[in-house]
Structure formats: C-alpha cells, structure tokens
1. Would you order Y109, Y172 from fewest to most other beta-carbon atoms within 10 Å of each residue's own beta-carbon?
2. After finding the eigenvalues of the alpha carbon gyration tensor for the chain, what semi-axes result from the square roots of 5 times each, listed largest first in whole Å?
3. When a footprinting reagent is the concern and you count Cβ atoms within 10 Å, what order do H88, H104 take, fewest first?
4. Taking 41 Å as R0, compute the FRET efficiency from the Cβ-Cβ separation of A42 and A184 and round it to 0.05.
5. By the scheme Lys and Arg +1, Asp and Glu -1, what is the net charge of all other residues having a beta-carbon under 15 Å from that of K107?
6. Among R137, R93, which comes first, second and so on when ranked by fewest other beta-carbon atoms within 10 Å?
7. Would you calculate a helix-derived [θ] at 222 nm for the chain, using -39,500 (n - 2.57) for each DSSP H run of n ≥ 4 and dividing by the full residue count, to the nearest 500?
8. Cα centroids of segment 30-68 and segment 126-156: how far apart, whole angstrom?
Amino acid sequence: MTYHFTLTTPRLTLRPPRPGDEDDLMAIHDDPEVMRYFSEPAWTDPERPARQIAEDAAAFAAREYFRFAIVLNETGRQIGNCGLFRLHWQNRRGEVGYALNRAHWGKGYMNEALRALLEFAFVELDMHRLEADIDPRNAASTGALERLGFQREGLLRERWIVGGEIFDSVLYGLLRREWESGQAAAAT
C-alpha cells in the first residue's frame, strides 16, 4: 500500500522531516517550556536534530513510526511536529505525540495539525485506536485531546522521571468510531 506522506490543511503542511530542518527542530526541543511535560529533558546536543531527522526518515520508510514536521505555509518554516508512535499493526493501534514551538502556542495550529494526523491514522493507516500519554499538569494538551474527542482512560502513577522529577501520566484514547462520529457531527 502506498501512503501519502504530505498532509495539508488551510494553514499548515505536515511532511516528513528532512535535512535543512535542524535549526527549526532545535528551536522547538531546546526550549525548557516546550519540553516541560515531555518524557525527556530539553535538548542541549547540537547534533541531536540531525540524528533525529535521520531516524525519523528511516522510520517513515520502514513504517515503524511517522513523525511529521508541521510547516507553517505562510513562512515555509517548521513550527512543530506530530506523529504516530508505538504502532501495533496487528491491533491497529498507535500512540499520538506532538510538540509546538512556543511562539506559536494558542493559535490553533496544533488542533489543525492533529486533525490531519487523525485522518491519516484512521483513513490511510486504517487504525482502530489511538492513544496519548500526557502529563496531567499539562492543561493545554488535555484540552487539545479532549477537543478532538479523546477520552481520559486512566492515571499511571509516577510513570516518568525526567531531570530528577517524578511525575504521573494520564492515558487518553480515541476509537475510530468515535472519531467518525465526531467527523459526521462537524459536517452538519
């Protein structure tokens, strides 16, 4: 099966990361505020973006995971990323992850990007279930997932240790039929 690896929305293009994205990628992931609720600390290694781009390109080719660069059409610059990880093809399940440059918070870009990603997951990849594992203190992420129809399913206590800090994780899930129902409601 051939997949379309460029997704477009009115303001954004989601595409595989590529050489030349290193500075934009570093600007996202070296910001402690952006990385505050991640399962890893802010990046400090200047070689990390190039390694990440190479790993992501190989993963796309192997269908291991799909991390898209979120590019603002107006500028052609990468402002974030979103992807599908921990794919279980037999069970048609995957996990959603995302990050956005702080300068672009609060403008609806992540919601727009995630809507395109969900359509890719449920239509092109034929996924049955998507999950998200987030820090319960991250109110913006909680709101983003709930606006997209994800349901809170459980609390995983003291799941992550990042920079010496121990914190919980909340698991969210979205079933294909729930997504389809939301799509139908939005169309009316």
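Nothing in this text is a laboratory measurement; each read-out follows from the coordinates by a stated rule. Being a predicted model, the structure only gives us computed values, none of them experimental. Neighbour counts run over all protein chains shown; Cβ positions are idealised from the backbone, glycine included.
1. Going from least to most buried by this count: Y109, Y172.
2. Values: eigenvalues 109, 90, 57 Å².
Ellipsoid semi-axes (Å, largest first): 23, 21, 17.
3. Values: H88 12, H104 16.
Lowest count first: H88, H104.
4. Working: r = 41 Å, r/R0 = 0.99.
Approximately 0.50, to the nearest 0.05.
5. Numbers: positive: R11, R77, R102, R115, R147; negative: E74, E112.
Computed value for this residue: +3.
6. Values: R137 12, R93 17.
Neighbour counts put them in this order, fewest first: R137, R93.
7. Details: 5 runs with 55 residues, N = 188.
One gets -9000 deg cm²/dmol as the mean residue ellipticity at 222 nm.
8. Rounded to whole Å, the Cα centres lie 20 Å apart.
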